[in-house]
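Notes follow the structure.
A short reminder: the numbers here are calculations on the coordinates, not readings from a lab. Here the structure is a predicted model, which is why all the values come from computation and not from measurement. Note: ideal-geometry Cβ built from the backbone for every residue, glycine included; neighbour counts use all protein chains shown.
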Amino acid sequence: MRSLILRTATRFLLPLLMLYSVLLLLRGHHEPGGGFVGGLIVAAALGLGALAYDAPTARKVLRIDPGYLIGIGLLTAMSAGVTAMFMGKPFLTAIWIAFDLPGLGHFELGTPVFFDIGVYLTVIGVVSVILLTLVEET
Amino acid sequence: MDLLFAAVVGFILAAFLPSLYRVIGDRVVWLLGFFPAAVAGWFLTYLGVVEADPITSLKWEWVPQLGVSFSLRLDGLSLLFVLLISVIGVFVAVYSSGYLAGHPKLGSFCAYLAAFMSSMLGLVLASNLFTLYLFWELTTVTSFLLIGFESQKASARRAAIQSLVTTAGGGLCLLAGLILLGLAGGSFEVPELVDQSDAIRSHHYYPAIVALVLLGAFTKSAQFPFHYWLPNAMEAPTPVSAYLHSATMVKAGIYLLARLTPVLGGTEEWSIPITVVGAVTMVLGAVLAFGQRDLKALLAYLTINVLGTLVMLVGIGTTETITAAIAYLLAHALYKGSLFLIVGAVDHGAHSRDLTELSGLRKRMPLTAAFAILAALSMGGVAPLFGFVSKELYFEGVLHAPGAPFLMAASLVSSIFLVAGAILVGYQPFFGPLTEKADHAHEAGLRVWLPPALLAVAGLVAGLFPQALAVPLVEPAASVVSGDATPLHFALWHGVTLALVLSVVALAGGVGLYFGRAFLLQRSAVAGPWLSWGPAAWYRGAIAGLEWFATWQTGLLQSGYLRVYVILILTAVTMIAGFRISHVGLPNLWRETMGVRLYEAIAVAMILAASLVTVRSRSRFRAILSLAVIGFGVSWLFAIFGGPDLAMTQIVVEALTVLLFVLTFYRLPKFSLLSDQKTRIRDAILAISVGGVITVLLLLATGIKRQPPISEYFVQQSVPKAHGRNVVNVILVDFRAFDTLGEITVLSVAAVGIYALIRFVAYNAKARREGDRL
């Protein structure tokens, strides 16, 4: 769709949307957000790019074939669950480590975060595959 | 441990034999033969030991609460069968190495046969009813594979399927019966059931149990009216026919009846059906055998006859007849196995199994002829062979049984035909003038004539020394079944008894029948058309009817139109839910509300208005956009009621949905075909019903407060246990992470599916376009 307005808007919106999705992903544990929404927003951004420009351009933004993203996402989510098994606990038990960074305060890092990242990547992959395949066929 | 070995090693072998065949070729048969030889050798040491002290090998409890375990047990009855299966198995393996030498699928053949051996061994060793059923069906499956071995022949495939459908159908009935039996007896272990037998016999499940178990046994042992599959099973290679369909597998039904006699037997409901069916099958098999031209078919019908006899004897249930049944079973395995293998050798050497084409073979195949005569003498019940000893026992048992006159008359008829059959098999092909086919025959190799020879000679030796050889096998088995441990006394000569006189009469009758065969066959040709109305025709009719019904039903329901599927699903859901609701009643649908605030009303009004626009719109895009408005309205409601995550997700999903719709419908023309008034009314009624039912369902469900809502637990535990303040997200990735994992897996599968659908459609369309251009 050759619309100058859409293209210009997309040039600014796309990177903003990507950043925003990462923000949503990382804040999900304490504030509204999470992996699902984050992933959907990335996919929506790619859809926007595919409409404004064309599908190959949108794919270049992603840099990696979305099909691989599905696999990587599932793998990440599974590994987050399996780390608990290495410590003798059942699959998907959450393992948290807490540490203090000087000056920045108390941090807690846990496997649910990686699980959420896995969900994020999978959702990006799934929706992008569907969207981009459809765009390429029409 | 050794019991487990017998029941399992065959399967392990079966897994490796085909690949081993590629490496060592025909020598896989030696591996195949080693297994039953090892089993036979080992279990022979149990002779004499097991009577006093049955061995329970193992009991692996799988589902203790339901009584489902894997348990094996060796007692007299199972020992007899184990030895039978393993010894004849060795002979069959040796025979196959010669008969099927060079066959390209020999590896698979050996694998199937090994699997069958373990299945059958497991069946007779099983002590838990579920274990028994497991191995029962395994024998069905392996038999199917072996019957259809020459899978390129349509007749073999048909015969295999027929055997599978018939015996597996019976197997299902058997499972139901066994479950009822376990429930009635309070345990699924056979020894415990034997102790409970009085309670079981007076239980109200008893008739059903008997009926179902009998169905299972009758289908497996080819009793009337389920006998039709056995002659067709002759499509299998001859070693298979000898092993499965005469010596071992078809005896499984009889084994089952014998094994369950202490538990279920002794009543009229048990004895009368079994005796009657057995007797009918016995006479039927004998008479049908008489007119056969194909030697294998002849032997198959005679097997049906003997199976009927055995079933009848077990049904009568006296100690005498049970002993006779077991002895006769042993004799039959020896002579029938031998005869089948000999017919195979004849087929191999003369390239024919047709009685009209074979005569005078003894001049070309003297060894085979000699042992054929020996085995046929055992079949006809001529002294001093073991067939004679067992037949005397059988006649004695029948004479002392209730209903003796009828049963003896049937037995006499059967024996006469059996003798005639023996002459047809053992005399006619080998004596007389040399036909052309017979002239070109050659004697079989050592591996092909020796096994049947050994079997036939075993029949002779057991007949000459029955007390020494047969009694150690038969006595423990009989005592397990009849619960009676009196020692047996087998002898060749019991004095001139009524049984002996009847045997002589049968012999004479049989010989006379043989000589009058041509005349009788001519006269009975009239009956031919009547025979085609028999059970085999019922089976064919049933299968044809099933296929017709499946085609009709699929055409009706799977019309290919998405709207038909949606209508069917929605109608079904509405009816089922509505039915349940009407049962429950509508206690209190009225809810106390906190009052409806203005912005909630606006959101709802927006949704309603958008729905109306969607339904009435004549433009595709307008419909899509108003659907999006509904979605945004719903997300507004989520936001109002405190679900920001949900609202966000819903908004993005809605935007993506619009995009997907647009992309999909982009190429389609404007709505050109609008549905007519009637269809719209139908759709409106359906939609309103579904909506109404779901609404009522929701109101009912939210009105039921049984336990404190689980949300309180999550809210309390979210921070301390999961280190997160966003409860929704914490539930998704921590408390219920497993569900989320499942969801993303499903999403991935959906993506792959959609990708494949779109790409393939495009690929096919392109291919078609290019094809047109060519």
Task: Value of Rg to Rh for region B:50-176 (Rh from inverse mean 1/r over Cα pairs, i.e. Kirkwood) - done: 1.03
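Give the average over all directions of the projected area of the C-alpha convex hull of region B:201-347, one decimal, in nm².
On the way: hull surface 31.8 nm².
That works out to 7.9 nm², a quarter of the Cα hull's surface.
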- [ ] Over the alpha-carbon set of region A:77-127, divide Rg by the Kirkwood Rh and report the Rg/Rh ratio to two decimals.
- [x] 1.11
Task: Rg/Rg_ref, region B:609-669, where Rg_ref = 2.2 N^0.38 Å and atoms are Cα - done: 1.21
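Compute the signed sum of charges (Lys and Arg +1, Asp and Glu -1) over the other residues within less than 14 Å, Cβ to Cβ, of B:VAL306. Display every interim value, and only then the final one.
Values: positive: B:LYS251, B:LYS336, B:LYS391; negative: none.
Residues near B:VAL306 contribute +3 overall.
Starting from the exponent 0.38 and prefactor 2.2 Å, build the expected Rg for region B:193-263 from its residue count and divide its actual Cα Rg by it.
Region B:193-263 yields a ratio of 1.36.
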Open item on the list: Taking every pair of distinct Cα atoms and averaging 1/r, then inverting, what Kirkwood hydrodynamic radius in Å comes out for region B:163-222?
Closed with: 11.6
Task: Diffusion coefficient, µm² s⁻¹, Stokes-Einstein with Kirkwood Rh over alpha-carbon pairs of region B:422-507 at 4 °C and 1.567 mPa s - done: 77
Open item on the list: With angles folded into 0 to 90 degrees, how steeply does helix B:644-665 sit against the dominant principal axis of chain B? Use alpha carbons for both and round to 10.
Closed with: 80
- [ ] Taking chain B as the reference, fit the longest principal axis to its C-alpha atoms, fit the long axis of helix B:206-220 to the helix C-alpha atoms, and give the angle between the two in degrees, 0 to 90, nearest 10.
- [x] 70
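Give the residue list of trypsin sites (Lys or Arg not before Pro) in region A:54-108 that are DSSP loop and have at most 13 other beta-carbon atoms within 10 angstrom. Don't jump to the answer; show the numbers that get you there.
On the way: sites: A:ARG59, A:LYS60, A:ARG63; in loops: A:ARG63.
Loop-located and lightly packed - A:ARG63.
Give me the net charge for the shell around B:ARG201: Cβ to Cβ below 12 angstrom, other residues only, Lys and Arg +1, Asp and Glu -1.
Working: positive: none; negative: B:ASP198, B:GLU268, B:GLU269.
Taking every Cβ under 12 Å from that of B:ARG201, the sum is -3.
What length, rounded to one decimal in nm, is gained on full extension from B:SER617 through to B:SER711, with 0.36 nm per residue of separation minus their alpha-carbon distance?
Working: separation 94, 0.36 × 94 = 33.84 nm, distance 4.12 nm.
Contour length minus Cα-Cα distance gives 29.7 nm.
Tell me, which longest segment in chain B has none of the trypsin sites (Lys or Arg not before Pro) that fall in DSSP loops with at most 14 further Cβ atoms within 10 Å?
Details: sites that count: B:LYS153, B:ARG293, B:ARG591, B:ARG597, B:ARG618, B:ARG667, B:LYS670, B:LYS705, B:ARG706, B:ARG725.
Result, exposed sites excluded: B:294-590.
Give me the percent of Cα-Cα pairs in the protein assembly as shown that sit more than 37 Å apart, rounded to a whole number. Let's see the in-between values first.
Values: 255359 of 415416 pairs.
Across the protein assembly as shown, Cα pairs with separations above 37 Å total 61 percent.
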- [ ] Find out how many positive minus negative residues lie around A:ALA55, taking Lys and Arg as positive, Asp and Glu as negative, among other residues whose Cβ is under 13 Å from that of A:ALA55.
- [x] -2
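Restrict the search to region B:461-524; then list the chymotrypsin sites (Phe, Trp or Tyr not before Pro) that DSSP places in a loop and that have at most 11 other Cβ atoms within 10 Å of their Cβ. Please report the intermediate quantities before stating the final value.
Numbers: sites: B:PHE490, B:TRP493, B:TYR514, B:PHE515, B:PHE519; in loops: B:PHE490, B:TRP493.
Loop-located and lightly packed - B:TRP493.
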- [ ] Show which lysines lie in cross-link reach of B:LYS678 when reach means a straight Cα distance below 25 angstrom and same-chain residues fewer than eight apart are skipped.
- [x] B:LYS670
- [ ] Measure nothing but the geometry: give the 0 to 90° angle between the long axis through the Cα atoms of B:76-99 and the longest principal axis through the Cα atoms of chain B, rounded to 10°.
- [x] 90
Task: Gyration tensor over alpha-carbon atoms, region B:469-580, equivalent ellipsoid semi-axes in Å - done: 61, 32, 10
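Filter B:LYS296/B:LYS437; B:LYS220/B:LYS296; B:LYS153/B:LYS437; B:LYS251/B:LYS336; B:LYS363/B:LYS391 down to the pairs with a C-alpha to C-alpha distance above 22 Å, please. Each step should come with its number before you reach the end.
Working: B:LYS296/B:LYS437 17 Å; B:LYS220/B:LYS296 19 Å; B:LYS153/B:LYS437 24 Å; B:LYS251/B:LYS336 13 Å; B:LYS363/B:LYS391 32 Å.
Table pairs above 22 Å Cα-Cα are B:LYS153/B:LYS437; B:LYS363/B:LYS391.
What's the Kirkwood radius of region B:119-200 in Å, using all Cα pairs? Before the final figure, lay out each step's value.
Details: mean 1/r = 0.0718 Å⁻¹.
When all Cα pairs of region B:119-200 are included, the Kirkwood radius is 13.9 Å.
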Task: Rg and Dmax [Cα atoms of region B:677-774; Å; Rg one decimal, Dmax integer] - done: 24.1, 71
Open item on the list: Under 37 °C and 0.692 mPa s, how fast does region B:289-424 diffuse according to Stokes-Einstein, given a Kirkwood radius computed over C-alpha pairs? Answer in µm²/s, whole number.
Closed with: 214
Task: For chain A, convex hull volume per residue from C-alpha positions, Å³ - done: 122
Task: Alpha-carbon Rg/Rh ratio, for chain B, with Rh computed the Kirkwood way - done: 1.13
